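First up is the structure itself, then whatever we jot down about it.
The values are calculated or read from the model by the stated rules, or taken from the named source; none is laboratory data. Since the structure is predicted, the reported quantities are computational estimates derived from the model, not experimental observations. Cβ placement follows ideal geometry from the backbone for every residue including glycine, while neighbour counts extend to all protein chains displayed. Ligands, DNA and RNA are excluded from the accessible area calculation, which covers all protein heavy atoms including side chains. Shrake-Rupley method; radii C 1.70, N 1.55, O 1.52, S 1.80 Å.
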Amino acid sequence: MEKQKNAVGRRKEAVARVYISKGTGNITVNNKEYKAYFPIMYLQNQVELPLKTIDVVTSFDIVINVQGGGPKGQAEAIKMGISRALVEIDAEYKPLLKKQSLLLHSSM
């Protein structure tokens, strides 16, 4: 894998820019740890879902900049951005992510 991959996820009014690189599982959203940014467990699970789906939770560090929309829309935009970035890293992830409906609006 190159140094870093990036992707954009959108949901309603929310736009998330996702930067993913090899690491230990650190996820930051707008310069905060994602569990502090999303204190509600449901939203944390949305962010983690693509990583759990392909079992790479502790393989990557992810930096996310998100704006617009509400917390739910932001979490879902992040979920799509992470999914798209993972497919950029390895196309073999696509069938598993697609099966979980994580690439619905993707043009890939």
Report summary line: Hydrodynamic calc, the stretch 1-46: Kirkwood Rh from Cα pairs, then Stokes-Einstein at 4 °C with viscosity 1.567 mPa s, so D in µm² s⁻¹ is 107
Query raised in the report: Hey, what's the chain come to in accessible area per residue, 1.4 Å probe, Å²?
Result: 57
Report task. With a 1.4 Å probe and every protein chain kept in, tell me what percent of the accessible surface of the chain is carbon plus sulfur. Result -> 48
Report task. Return the distance in nm (one decimal) between the two label points of a simple spin-label model at residue 59 and residue 40, each offset 7 Å from Cα along Cα→Cβ. Result -> 3.0
Requested in this report: With a cut-off of at most 15 other beta carbons within 10 Å, and DSSP calling the residue loop, which trypsin sites (Lys or Arg not before Pro) in the stretch 1-100 qualify? Please list them.
Outcome: 3, 12
Query raised in the report: With each run of n ≥ 4 DSSP H residues scored as -39500 (n - 2.57), what mean residue ellipticity at 222 nm is computed for the chain after dividing by its residue count and rounding to the nearest 500 deg cm²/dmol?
Result: -11500 deg cm²/dmol
Query raised in the report: Can you pull the Rg over Rh of the chain, Cα-only, Kirkwood?
Result: 0.92
**Report entry** Unit charges on C-beta of K, R, D, E only; dipole of the chain, Debye
**Finding:** 260
Report summary line: In whole percents, the bins of 10 Å from zero upward hold the Cα-Cα pairs of the stretch 62-108 as 26, 52, 21, 1
Requested in this report: At a Cα cut-off below 28 Å, give the lysines reachable from residue 22, other chains included and same-chain residues fewer than 8 away excluded.
Outcome: 3, 5, 32, 35, 52, 72, 79, 94, 98, 99
Report summary line: Quick calc, residue 12 & residue 99: beta-carbon distance into FRET formula, R0 25 Å, rounding 0.05, result 0.55
